[in-house]
1. Rounding to the nearest 20 debye, state how big the charge dipole of the chain is about its Cα centre with +1 on each Lys and Arg Cβ and -1 on each Asp and Glu Cβ.
2. Which residue, chosen from Ala714, Ile681, Ala732, occupies the Cα position most advanced towards the positive end of the dipole of region 645-754, where the dipole is computed from +1 (Lys, Arg) and -1 (Asp, Glu) charges on Cβ about the Cα centre?
3. Give the lysines reachable from Lys862 as a straight Cα distance under 19 Å; neighbours fewer than 8 places away on the same chain don't count.
4. Can you compute the equivalent ellipsoid semi-axes for region 604-721, i.e. the square root of 5 times each eigenvalue of the Cα gyration tensor, sorted largest first and rounded to whole Å?
5. Where the accessible area of the chain is counted over protein heavy atoms with a 1.4 Å probe, how much of it, in %, is carbon and sulfur?
6. Which FRET efficiency value, to the nearest 0.05, do you get for Asn226 and Arg642 by plugging their Cβ-Cβ distance into 1/(1 + (r/R0)^6) with R0 = 35 Å?
7. Taking the Cα of Arg827, stepping 7 Å toward and past its beta carbon, and measuring to each backbone N in region 850-876: which are under 17 Å?
8. Please give every one of the lysines within straight-line cross-link reach of Lys101, meaning a C-alpha to C-alpha distance under 26 Å, and leave out same-chain neighbours fewer than 8 residues apart.
Amino acid sequence: MNEIRPYEPAVLEAKWQDHWEKTRAFEVADDLPREQCYYILEMFPYPSGNLHMGHVRNYSIGDAVARYKRMRGFHVLHPMGWDSFGLPAEQAAIERGIHPKTWTYQNIAYMRSQLKRMGFSYAWSREFATSDPGYAEREQAIFLDLVEKGLVYRKSSLVNWSTGLNTVLANEQVIDGLCWRTGMPVIQKELPQWFLRTTHYAEELLSGTVALKGSWPDAVLSQQRNWIGKSEGAEITFAIDGHPGRTLTVFTTRPDTIYGVTFVSIAPEHALLDDLVPAAHMAQVEAFRTATRAVSEHERIGDEAEKKGVFTGIQLVNPINGAKVPLWAANFVLLEYGTGAVMAVPAHDTRDFAFATAYDLPVIQVIAPPAGPAPTLTEAFTEPGIMVASGRFDGQESTAAKRLITEQLASQGQGRATITYRLRDWGISRQRYWGNPIPFVYGEASGVVAMRKQDLPVTLPMDVVFDGIGNPLENHPTWKTTAADGSPLTVRTNTGKEPARRETDTMDTFMESSWYFARYTCADASAPLDPKHVDHWLPVDLYIGGIEHAVLHLLYARFFQKALCDLGYSTVREPFKRLLCQGMVCMESYTREPIDGKKQCFYPDEVDVIKDDKGKVVSAVLKADGQPVTVGRVVKMSKSLRNTVDPQGLIDQFGADTARLFTLFAAPPELDLEWKESGVIGAHRFLKRLWTMVQEQKDRLAAVTAFSGQAKDATGPDQAVVRKVHATVKRATHAMEKDFSFNTTIAACMELTNELKPESLSPAVLKLGLTTLIRLLSPMVPHITHELWQDLGDGRELLTVGWPTFDEAQIATDDFEYPIQVNGKVRGRITLSAGLSGAALEQAVADSAEVKAVSEGKTVRKLIVVPRKVINLVLG
């Protein structure tokens, strides 16, 4: 009887992690043929201090793919780093009195240890944090390259101001009028800002979504297309009545409705209003401007937002018919969209109809349904139709009239066909300390001046006060005006040196995550990027991360990669070949509604739960007082709801392999995963079962060569297991190649495990089954499989063995067991030669004792035989 070693995850996992680190097992060379290489990347984490279950799932998926691809013969680049600039570090400085840099790098050290404890196969030699001086300096250099290319500019603009963070947010960072990070309201504020010309690539970004179809989730591509928002239409010029030579240009997608214009809407911030609004109306317009700026963009243009406006006192002239129409400042018109003004046709636009109804403005129908008389409008008619009340265009189809009317206006010099995009340039200025400084200075006389590359890097001062009031860099007494050597900061101009001060805004942290994937390919390069290495590895073969970044990081990264190409750093214009958006980790929440109305949330370990026979939590009480708490629905784990599980506790109790196996088995990668303690226990039980089986058999199998013959040469249980081994490898391989369905692969392995009964199998076939199991499971649970592989005495290291292969011929049996259905119900089974078909098969069925037994005493009205599937009998 073999001595059964106990399964001690902490011991054996530490052993193999130390071995992989010492042998640099996961480093990869850069000079191998690209077709033999594979670049896999998970979105790198913000170093908040602890891994959460979302991290564990994301990185377990990525690591399983990386290990699988290595087993398939690929040279895999699988790096890791830290998205380490950001506001939480400053909030920690304010709340805890610790410097952001100290807090950040302490967190990095701890989280790195957690990742290593999970056994993830990262090329740690390429690790960096985006707040590292080297990365920050190279990003500043790229920024200056963008300036030289004309892709950076500065202007005063209305911006999204987070009332919780006291900083600017990009449009993509405002969710339903609230800050994406804090949930606090966002208002409009006018500030001088730095912008990147994302709109320069609008059409390429849009067309790229077509090329990515099939390799990116449709939901992500749809969100990006909607965000880019291409609109084909016309710019139309309206003369301003009483102001000869002055005009206002509007953009419209419906030039066919121009005869129905009853007013024009303009953004309250539009500069035209400053000098043309009559004195009698200026107070109202200014009050409306002030009120509009006090709310977020979402509150202005959201579907549920109230449509508000004020008459400006200005009249415009419709260029198609000479009619005078009033100009209204409206909250739903934004200065940055189109021309900042739109022609309003209430009869054919839902928003204009609501506005006209609210302010008692005329509604003139100029498009009628294709059939029947024009109805009395109780709502806007927005479909194509037949032109009416439209002069010489009456009776024409409105779709065709779009082009004809545009051509007429163009011939008059009052319009042109054009295209606009909803996408706007990316405002990157942030009024905070812990970010990458923008490399510009302001000369006392010369104004805004870009720094020279030889004067980089611009580094952050360490002696900063964090009191939550304003921008710490702006408030610093000397940093703005002091050079790196301590001398007064100056700027060199054509007339000599002049005093200067630094830009105190820092870059949006999405800048850092917009090119980090390229830096991994050449992490030791002295230049920002090495084009040779970038082009060798990009695009990333598989990128893994949350769908919540569809129009944040993912769109920015696509833009940035195109810009990098135009700067000469690459020729690969799309950064990510395939995108996998993993599902969320979800769990019940436990709450109470106290008398004061403020919801209390409790962690899972603070409550005792009662479950039904299916393991679902049906009720719970608080351990502290024994009183009930409300069990909420299963939702994404979040700190705010406290429905989180500490991965470290899970790893300490069960081991990293159990944590990995559970997250990979509980659901397909792209679907949400419901946390269940029973699932964790089940995963651990399976690993212990596999461990015990190998420990019991290792001496018996140590000197045995695994069976490598044909299934037909084996007999009885051996033959069945040989066929099952090949079928399992086939199923697992197809699951991994199609969509990385680890749950399917693991399920197939569990089924094979059930077939491995040592007492009834020959040693050679048993060893075939066990070694196949270990190889198939090794991408998911690498520590236990490496140990068990060693126990079975193969002599080679599991990393070098590769993924098992299958033989289709080995799966098919010589016989096939047919179910016999009688009037739709299975009444028996019959085993026949798999080679029988046609009349011979039907005769064999009719002559069989099994069929005669189930049809005894009755008439066989119909016999249907589906080869290798089923026998159907209809009896009378």
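The values are calculated or read from the model by the stated rules, or taken from the named source; none is laboratory data. Treat the numbers as computed from the prediction; the structure is a model and nothing was measured. Note: ideal-geometry Cβ built from the backbone for every residue, glycine included; neighbour counts use all protein chains shown. Only protein heavy atoms, including side chains, enter the accessible area calculation; ligands, DNA and RNA are left aside. Shrake-Rupley method; radii C 1.70, N 1.55, O 1.52, S 1.80 Å.
1. 1160
2. Ala714
3. Reachable lysines: Lys825, Lys852.
4. After diagonalising the Cα gyration tensor, the semi-axes are 42, 16, 14 Å.
5. On the way: 19570 of 38230 Å².
C and S fraction of accessible area: 51 percent.
6. Computed FRET efficiency for Asn226 and Arg642: 0.55.
7. It comes to 850-866, 870-876, nothing else.
8. Lys116, Lys453, Lys480, Lys639
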